[in-house]
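Take a look at the structure set out below.
The values are calculated or read from the model by the stated rules, or taken from the named source; none is laboratory data. Because the structure is a prediction, the values reported are computed rather than measured. Virtual Cβ from ideal backbone geometry, glycine too; neighbours counted across all protein chains shown.
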Amino acid sequence: MINIENAARLVDDAALNAKAINQLTAVDAFSVAEAYRIQRASIERRVKRGERRIGIKLGFTSRAKMIQMGVSDLIWGWVTDAMLEDDGGRVDLSRFIHPRVEPEVCFLTRKVIDRPLTALEAKEYLEAVAPAMEIIDSRYQDFRFTLEDVVADNCSSSGLVVGSWARDFSRLDNAGVILRTDGRDVQIGSTAAILGHPIRAVVEASRLVGDSETTLPAGSLIMAGAATAAHPLAAGCHFQAVVNGVGEVDFSTC
Ligand code: OOG
Ligand code: MG
């Protein structure tokens with residue numbers, strides 16, 4: 001049987017040392033529910049070191065991501081203040097193993113989410129929306145994992161960059177999404193790829209946090225999941241994500 005604390009220490013140390021590990025499921029089979037317990041224990045370790053939870057991220061909300069990673073279940077994990085990078089800033093890649101970037105949409109909540117919401121209700125719980133990029137960095141060798149592995153690894157969460165907040169949610173239904181590297185388009189998609197409409201990410205988030213007997217405080221971030229496949233990060237490059245009608249966000253790497 002899997003030892004939850006031990007497994008949490010393995011993924012946490014891998015992140016701290018930027019050193020890949022074998023998939024946990026290669027040694028011990030465990031369930032998705034156990035994977036979320038490992039995730040929770042690994043976040044507790046971060047919190048004990050002084051990190052603060054600032055919101056959650058959803059994963060595999062688009063077909064492009066499911067196909068790229070071979071996993072087709074919706075997953076979720078935590079994001080902390082230590083993961084937040086400045087819009088327009090410089091990201092040092094030395095703290096990552098094999099980082100990738102994804103263009104996303106990020107929501108800011110304005111009320112505590114403590115029950116499952118419908119799509120109609122969801123907007124009332126939101127303060128603003130912003131274009132965003134997520135930096136994912138699987139702690140597993142070769143960026144390969146099972147559903148249980150990736151959940152245990154806090155869904156590869158490593159970094160996020162959030163652009164300027166807007167209060168207009170009306171442009172989100174089919175907004176073009178572009179990821180650019182040094183001015184070249186490397187991924188193109190649409191916000192419609194995110195569960196049909198990114199607001200559904202909020203609906204799913206409300207269901208998922210409820211299932212795990214957690215509530216999401218007002219002022220939390222919800223990363224809706226990538227609209228396109230992820231793209232590898234390299235040092236000395238500029239990365240930009242554009243969400244048409246919502247805005248853009250960028251960072252450079254070193
Ligand atoms: C898992 C995280 C997926 C997304 O936006 O779909 C994710 C991974 O691909 O490593 O963040
Ligand atoms: Mg993501």
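Listed conditions (1) surrounded by fewer than 21 Cβ atoms within 10 Å (Cβ to Cβ); (2) within 30 Å of Asn3 (Cβ to Cβ) are all met by Leu108, apart from (2). Given the condition crowded, with 17+ Cβ neighbours inside 10 Å, of a type in the set (Asp, Glu) and at pLDDT 95 or above, answer yes or no: does some residue in the stretch 22-37 qualify? The answer is yes, given that some residue of the stretch 22-37 is crowded, with 17+ Cβ neighbours inside 10 Å, of a type in the set (Asp, Glu) and at pLDDT 95 or above. Contact annotation: residue pairs with Cβ atoms under 9 Å, 6 or more positions apart or on different chains, pairing a residue in the stretch 223-242 that is under 13 Å from Val161 (Cβ atoms) with a partner that is in a loop (DSSP other than H, G, I, E, B) and within 16 Å of ligand 1 (Cβ to nearest atom), are Leu233/Phe96; Leu233/His98; Leu233/Pro99; Leu233/Asp137; Phe239/Leu233. Looking at the stretch 140-151, is at least one residue assigned to a helix (DSSP H, G or I), among the acidic types (Asp, Glu) and surrounded by 16 or more Cβ atoms within 10 Å (Cβ to Cβ)? There is at least one residue in the stretch 140-151 that is assigned to a helix (DSSP H, G or I), among the acidic types (Asp, Glu) and surrounded by 16 or more Cβ atoms within 10 Å (Cβ to Cβ). Those helices (runs of 4 or more DSSP H) of the stretch 1-116 in which 2 or more residues are closer than 22 Å to Gln240 by Cβ and either over 14 Å from the mean Cα position of the chain (by Cα) or in contact (Cβ under 8 Å) with a residue 24 or more places away in the chain (or both) occupy 63-69. Taking the stretch 67-90, which residues are farther than 19 Å from Asp137 by Cβ and surrounded by 17 or more Cβ atoms within 10 Å (Cβ to Cβ)? Within the stretch 67-90, Leu74, Asp87 meet the criteria.
Filtering the stretch 195-235 to residues that are of a type in the set (A, V, I, L, M, F, W, C), in a loop (DSSP other than H, G, I, E, B) and within 12 Å of ligand 1 (Cβ to nearest atom) leaves Leu195, Ala224, Ala226, Ala227, Ala229, Ala230. Could you say whether any residue in the stretch 124-146 is aliphatic (A, V, I, L, M) and within 10 Å of ligand 1 (Cβ to nearest atom)? Yes: one or more hits. For the stretch 65-106, the tally of residues that are within 13 Å of ligand 2 (Cβ to nearest atom) and over 27 Å from Gly210 (Cα atoms) stands at 4. Might you let me know whether the stretch 48-57 holds any residue that is exposed (fewer than 15 other Cβ atoms within 10 Å of the Cβ) and within 23 Å of Ala128 (Cβ to Cβ)? Looking through the stretch 48-57, at least one residue is exposed (fewer than 15 other Cβ atoms within 10 Å of the Cβ) and within 23 Å of Ala128 (Cβ to Cβ). Hey, does the stretch 91-103 have a residue that's closer than 30 Å to Phe169 by Cβ, surrounded by fewer than 21 Cβ atoms within 10 Å (Cβ to Cβ), in contact with a Pro (Cβ under 9 Å, 6 or more places away or on another chain) and not β-branched (Val, Ile, Thr)? Yes, the stretch 91-103 contains a residue that is closer than 30 Å to Phe169 by Cβ, surrounded by fewer than 21 Cβ atoms within 10 Å (Cβ to Cβ), in contact with a Pro (Cβ under 9 Å, 6 or more places away or on another chain) and not β-branched (Val, Ile, Thr).
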